1. Expressed in nm to one decimal, what extension gain is obtained for the pair residue 98 and residue 71 from 0.36 nm per residue of sequence separation less their Cα-Cα distance?
2. Size of the dipole of the chain about the Cα centre, Lys and Arg at +1 and Asp and Glu at -1 on the beta carbon, nothing else charged, in debye to 20?
3. Which of 125, 146, 114 sits farthest toward the positive end of the charge dipole of the range 101-165, with +1 on the Cβ of Lys and Arg and -1 on the Cβ of Asp and Glu?
4. What trypsin sites (Lys or Arg not before Pro) in the range 1-96 are in a loop by DSSP, with at most 10 other Cβ atoms within 10 Å of the Cβ?
5. Using Cα-Cα distances under 8 Å and only pairs 6 or more residues apart, what relative contact order does the chain have, in percent?
6. Let a ≥ b ≥ c be the square roots of the eigenvalues of the Cα gyration tensor of the range 101-165; is it rounded (a/c under 1.5), or, if not, prolate (a/b larger than b/c) or oblate?
7. By how many nm would the segment from residue 78 to residue 62 grow when fully extended, if each residue of separation counts as 0.36 nm and the alpha-carbon distance is taken off?
8. At 0.36 nm per residue, minus the direct Cα-Cα distance, what do residue 46 and residue 124 gain on full extension? Give it in nm, one decimal, please.
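Values in this text are rule-based calculations from the coordinates and carry no lab data. All values derive from a computational prediction rather than experimental measurement. We place every Cβ from the backbone using ideal geometry, glycine too, and count neighbours over all the protein chains shown.
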Amino acid sequence: MAKELCQIGTIVAAHGIRGALRVQSHSDIPERFSRLATVLVGRDEVDAREMQVTAASEDGARVLLELSECADRDHAEQLVGMKLFITDEQMEAPPEGRYFVHDLIGCRVETPAGEKRGKVQDVMLMPANDIYVVDYRGFEVLIPAVPAFIRSVDTDAKRIVVEDVSGLFEEHDED
């Protein structure tokens, strides 16, 4: 079975003359890059190749990364725009109350009474809160991922229980 990859960052610039890279982190896990021995680098998951991490320093979403295969600024500049991936074996559990997007996709959505409300098709990562995009009877319903709407999330059972908020699904119900 093919390994599942998770994008954790994007190389945004070369830094200095010795091949260091500035990375925009896409990870919610503090010190994520500092604990890596290797990372996969590529334009996409298909062409990503493994590289050895020799040093990393992090300040929030800004990361300086050094790779053994990147010895000078010229090589670093060639990597700008590349994505950084880790394998499923390298993934750590997200912080309490947070979920990997790929774990949310496909979750069935239901009310506390068990009424089916569709499946999560996508997750919009917004500044204030995430929004679950749910396919309900062929319509896209946007559900804010906040306690007023989300009662529970169980990614192992692929089930999300949403509050039965008036008007959220009714406009798409059959007459």
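1. Between residue 98 and residue 71, full extension yields 6.1 nm more.
2. Dipole size: approximately 540 debye.
3. 114
4. Within the range 1-96, the qualifying trypsin sites (Lys or Arg not before Pro) (loop, at most 10 other Cβ atoms within 10 Å) are 43.
5. Once normalised by length, the contact order is 18 percent.
6. Verdict is rounded for the range 101-165.
7. 3.8 nm
8. Here the answer is 25.7 nm.
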